[in-house]
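**Student:** This structure is in structure tokens; I'll ask about it shortly.
The values are calculated or read from the model by the stated rules, or taken from the named source; none is laboratory data. Only a predicted model underlies this, so the values are computations on that prediction, with no experimental measurement involved. Cβ placement follows ideal geometry from the backbone for every residue including glycine, while neighbour counts extend to all protein chains displayed. Heavy atoms of the whole protein, side chains included, go into the accessibility calculation; ligands, DNA and RNA do not. Shrake-Rupley method; radii C 1.70, N 1.55, O 1.52, S 1.80 Å.
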Amino acid sequence: MSNLKDFQPPGYVAWQAVQTASFTASAGRGYPINTTGGAVTVTLPAAASRGDTIEFSDYGNKFKNNNVTLNLNGLKFQGAS
């Protein structure tokens, strides 16, 4: 019998604490990003697998004032480099 508490449906992300400074993201996680204090750079993981999911949320609705920049770390984003 499987342990249902460990089941993660496809596309599931584990939401992390609010990010206020630049950081490296991990697959399978979601990040609320607060740019009230300034721009934030998110570095994607060095390796990726097809279907990896990382989600971002505009915590505080400030992306329009202070940008979030994606550092692709040599990877493709949605098929483009």
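**Student:** Working only within the range 27-51, note down all residues that are more than 13 Å from Leu72 (Cβ to Cβ) and in contact with a Gly (Cβ under 8 Å, 6 or more places away or on another chain).
**Tutor:** First, the residues of the range 27-51 that are more than 13 Å from Leu72 (Cβ to Cβ): 27-40, 49-51.
Residues satisfying the conditions are Asn34, Thr35, Thr36.
**Student:** If a residue has to be farther than 15 Å from Val13 by Cβ, assigned to a loop (DSSP other than H, G, I, E, B) and not hydroxyl-bearing (Ser, Thr, Tyr) to count, how many in the range 31-67 make the cut?
**Tutor:** Matching residues across the range 31-67 total 14.
**Student:** Right, here's the next one. Please tell me if Gly79 is open to solvent by less than 70 Å² (accessible area, probe 1.4 Å) and modelled with pLDDT of 90 or more. Full working, then the answer.
**Tutor:** Details: open to solvent by less than 70 Å² (accessible area, probe 1.4 Å): yes; modelled with pLDDT of 90 or more: no.
The answer is no for Gly79.
**Student:** Looking only at the range 53-69, count how many residues are surrounded by 14 or more Cβ atoms within 10 Å (Cβ to Cβ) and either of a type in the set (Lys, Arg) or under 14 Å from Thr24 (Cβ atoms) (or both).
**Tutor:** Total meeting the criteria: 4.
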